[in-house]
Amino acid sequence: MSILPATEVTSRFYGVPLQRSARVELAPHDDSCDFDELGAWLTAHRGDRLAVDLFSGAGGLSHGLIDAGWTTAVAVDNDERALQTHRANFPGASVGLDLGSSDDRDILVDALKDATIDLVAGGPPCQPFSRAGRSKIRSLVDRAGRDPRDRRKELWAAYMDVVTRLRPRAVIMENVPDMGLSDDFRVLRVMESRFEALGYATDYRIVEAWRYGVPQHRRRLILLARRDIDRFDWPKATSQTTLGDAIGDLPPLEVTPLEAIGAAAMGYRGPATTPFQKLMRRGAGPTLHDHHTRRVRVDDHDVFASMTTTTLYSDIEESKRRYAADTFRDKYKRLDANGLSRTITAHIAKDGYWYIHPHQHRTITVREAARVQTFPDTFRFAGTRSDAFKQIGNAVPPMLGAAVARAVLPVEGRATIGDLPHWACTRKALDLWVGEQQKDPVAKYYLPGPRISVTQHAVASVLGGAPRDALQSVFGAAYGPLDAERFLAILARAGSSRRRLEGRLEQVVGRPELLADPVNLVDAAGWGKSEAMLLAVMRGVDLIWSGSPAQRVASRMHGQDPSNTVNRQTDGRARIARLVGAGDGAAARMAALRLLGVTTCVSDPLCGSCPLKEFCPSSKP
């Protein structure tokens, strides 16, 4: 290891001397190799359970894989600093390739053609999927003329291409929850269908990292696939690790405004007192590395001193604010030693105001950020302090990586799933039921169909409840465009549903353009969002409709209590997406789940007549 000296420039604008910190250069791991030496390395490791880490960054996921029993053969990224970090901490080859390039993917696959790769893991760049990332991209499009098509969002397809050609036994993909939530899980559903076509069973869910010992609020979307068995034994949650549990043993630092804080190397000064601290310090020796952070402005020091863990930026005295409180409502955040840290993100490389130390008037250090991400103290980061912060913020927490990896550990004596995976069989049964219901004189109006008018579907979306024979005449009157005459004919036959239909349909009489777009129905016609989205589904639009009937079916199909309303818009929608799948039949399956939820899978379910009873763990005899 070598350290290149820091450089410093005084700036009135920033209020502190601008310091480009010392740049850390790390020597390669003893068992690492250059890419052109990979063949010999693979021969030497022929008996190992080998993994490939795509979009590896500094190697948080690689670390988790090793903790769970794999050996990383190849890690691929295009950030040279992150690759140097990976090369210093892990065996195998850490390779700079552009996975968006088919030529570079060919190079990677060709280098591994004679190897048995047990696992492919990775996290395609997540910024285009995250809320913050999408906001930043929109800003760049508006102000700088950037191409609005962010090609990083397509790298999941490059990831799938490598998996398809390497055909590992198991797969792990990690990303932000918005990869699913932002597009109704469409990318995940397409990936799942492709995996199933290759003979893999799949599972995906949104995971809270703190449940696996990570001391921060960090939610991640995890996709797993395997082709040995059709089962995923996700590990049980562990006890919560607080921020104090994680960093309480690290030495307090002298904090003087405008002066350097911490050092690249120092002693620990005290024992580890929690199991987490002892785990982080295992093998580290007497020297603590990277316990340093940015200098503090004089005015920021005064503000930090006035803050508690509950102080909002808008609570700070107006004369001491440097940012608009209405725009930057949570610009500063003092962390709570007795709780979880807020999510460590790559933005910490820009400033640390979201991560003010619980007790000291400064932002957290590189080593404290690494601890919050569960990197052990033996793990070093190449580059400057900002490089290290960026690598830490972009990483998968190793403890989360190890937990999800254990869900796809190999099972002795099983080489292939054999029949269709569980969820593919479930969707097939749902498709058959859809075909039967499309022949029913009333149920057919609640499903996509070529001979159902938009008016009939509009009536079905408004009526909501279970189809009844008495409604057949209402649907008959609704055939064709919704003009004034047809509107009156529908109301004349509506009976007890007249008032509800009148309140919705009168807004769209003679206005077919409103019925063509659910946004129009909500904004211009005053429909409820659920009704409008349901109409779109019945018209064949591929959406996830997360109303209570569909949530009830999906919960029971996943062995969950349907009365539990926690995270319905995240985990609940993910469960629905598993049943809906992808392809031409997705909208029909979505409408069918809603129909099942109002006719069969009701509060007191009629399991005997349910087409999915064979696959439902909650089914009653």
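Every number here is computed from the coordinates shown, using simple stated rules; none is lab data. Worth saying up front: this structure is predicted, and the values here are computed from it rather than measured. Here Cβ is always computed from backbone atoms with ideal geometry, including for glycine, and neighbour counts include all displayed protein chains.
Key figures for this structure:
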| item | result |
| --- | --- |
| Convex hull of the range 422-615 built on C-alpha atoms - directionally averaged projected area, nm² | 10.5 |
| Taking the convex hull of Cα positions in the range 55-114, its mean projected area over all directions (nm²) | 4.0 |
| P(r), alpha carbons of the range 305-432 - 10 Å bins starting at zero, rounded % | 10, 29, 23, 14, 13, 9, 2 |
| Sparsely packed trypsin sites (Lys or Arg not before Pro) within the range 460-507, loop by DSSP, other Cβ within 10 Å at most 14 | ARG468 |
| Within the chain, helix-based [θ] at 222 nm, where runs of 4 or more DSSP H residues each add -39,500 (n - 2.57), nearest 500 | -10500 deg cm²/dmol |
| Square roots of five times the Cα gyration tensor eigenvalues for the chain, Å | 50, 31, 21 |
| Placed amide H near VAL207: partners under 5 Å, 5+ positions off or other chain | ARG220, LEU221, ILE222 |
| Degrees separating the helix 80-89 axis from the principal Cα axis of the chain, which is the longest one | 70 |
| Nearby lysines by direct alpha-carbon distance to LYS444 (threshold 26 angstrom, same-chain neighbours under 8 apart not counted) | LYS428, LYS529, LYS613 |
| Debye log10 I(q)/I(0) at q = 0.12, 0.14, 0.20, 0.24 Å⁻¹ for the range 509-621, Cα point scatterers | -0.44, -0.58, -1.03, -1.31 |
| Residues in the range 424-468 that a label on VAL519 would reach, taking backbone N under 14 Å of a point 7 Å out along Cα→Cβ | none |
| J(HN,Hα) series, the range 208-220, from Karplus relation 6.51 cos²θ - 1.76 cosθ + 1.60, nearest Hz, glycine and proline x | 8, 4, 5, 5, 10, x, 7, x, 7, 6, 8, 9, 9 |
| Cα-based helix-to-principal-axis angle, 586-599 vs the chain, degrees rounded to 10 | 70 |
| Qualifying trypsin sites (Lys or Arg not before Pro) in the range 297-362, DSSP loop, other Cβ atoms within 10 Å at most 15 | ARG322, ARG329, LYS350 |
| Inter-site label distance for LYS350 and ALA40 at 7 Å from Cα along Cβ, in nm | 4.6 |
| Bins of 10 Å, starting at 0 and running to the largest distance - Cα pair percent for the range 266-308 | 22, 32, 27, 19, 0 |
| The range 243-392: Rg to Rh, with Rh as the Kirkwood radius over Cα pairs | 0.96 |
| Residues ASP233, ASP77, sorted so that the one with the fewest Cβ neighbours within 10 Å comes first | ASP233, ASP77 |
